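Have a look at the structure below, then the notes.
A short reminder: the numbers here are calculations on the coordinates, not readings from a lab. These numbers were taken from a predicted model, which means no experiment stands behind them. Cβ sites come from the backbone with ideal geometry, for glycine too, and all protein chains shown count toward neighbours.
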Amino acid sequence: MALKEEKQRLAWALTGSGHYLRECLDIVQKLEDVDLFLSKAAAEILQQYGYAHNVGRVFQDKTASAVPVELFYHGVYHTVVIAPTSSNTVAKMVCGISDNLVTNIFAQAGKCRVPTIVFACDTEPELESEAPREHLVKVYPRRIDLENMEKLKTFEETTVTADMAELDAAIQARLTCLKEPISVKST
């Protein structure tokens, strides 16, 4: 049952990664009924990169128990998107550590069977990533980062995307799925 919500919403969580952050925020701006969840690092990185968002509800990591996760128990969200997702957050999710707002959201979404889409930043042995002040840098993810991303792909109700096209396609597929009527097989 939804908690005084007429319509379920999409929960979008930001971590401390600047990798394709601008492009992720561009996608957020095009979506309707989105709540934004910011880790402490995400709040810092948004300021550091000088990016803004225009979203109705924003939850920040300010409580030890990640109070906003209770919304998942009330059916408020139909989907979670965690993008961009730092290698630190991916590692915590793979190990079942839920010690901040974003990792708690991931854990509770799984426990409530809410599908999650993750845009993992460290997906290739060599990447170009935007650094603060609009310049690109070469990044060489560690083997453990790549292994964790592969492990995350095995989690139930979790879709891991490796680039912006995959992220956008996964979100659109999920939104389309929500609009389709459920057919009942007659016996």
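Could you give me the ³J(HN,Hα) list for segment 9-22, computed from phi with Karplus coefficients 6.51, -1.76, 1.60 and θ = phi - 60°, whole Hz, x at Gly and Pro?
10, 9, 9, 10, 10, 10, 10, x, 8, x, 5, 6, 4, 4
Would you mind ranking ARG9, ARG143 by Cβ crowding within 10 Å, fewest neighbours first?
Ranking ARG9, ARG143 by Cβ neighbours within 10 Å, fewest first, gives ARG143, ARG9.
Pairs LYS40/LYS111; LYS151/LYS179; LYS30/LYS151; LYS7/LYS153; LYS92/LYS151: which exceed 19 Å Cα-Cα?
Long pairs (Cα-Cα over 19 Å): LYS40/LYS111; LYS151/LYS179; LYS30/LYS151; LYS7/LYS153.
Taking amide H positions as placed 1.01 Å from N in the peptide plane, with prolines and chain starts having none, which residues 5 or more places from GLN60, or on another chain, fall under 5 Å of its amide H?
So GLN60 has HN proximity to LEU38.
Read phi for every residue in segment 161-178 and hand back ³J(HN,Hα) as whole Hz from Karplus 6.51 cos²θ - 1.76 cosθ + 1.60, θ = phi - 60°, with x for Gly and Pro.
10, 10, 8, 5, 5, 5, 4, 4, 5, 5, 5, 4, 5, 5, 5, 5, 4, 5
Of the listed peptides 17-28, 157-168, what is their order by residue-averaged count of other C-beta atoms within 10 Å, with the highest listed first?
17-28, 157-168
Residues with amide H under 5 Å of VAL118's amide H, sequence separation 5 or more or different chain, H placed in the peptide plane at 1.01 Å from N; which?
Sorted by chain and number, the residues that satisfy this are ILE82, THR159, VAL160, THR161.
Based only on Cα atoms, what mean projected area does the convex hull of segment 9-179 have, in nm²?
Average of the hull's projected areas for segment 9-179 equals 9.1 nm².
How do PHE106, PHE72 rank when sorted from fewest to most other Cβ atoms within 10 Å of their own Cβ?
In increasing order of surrounding Cβ atoms, one gets PHE72, PHE106.
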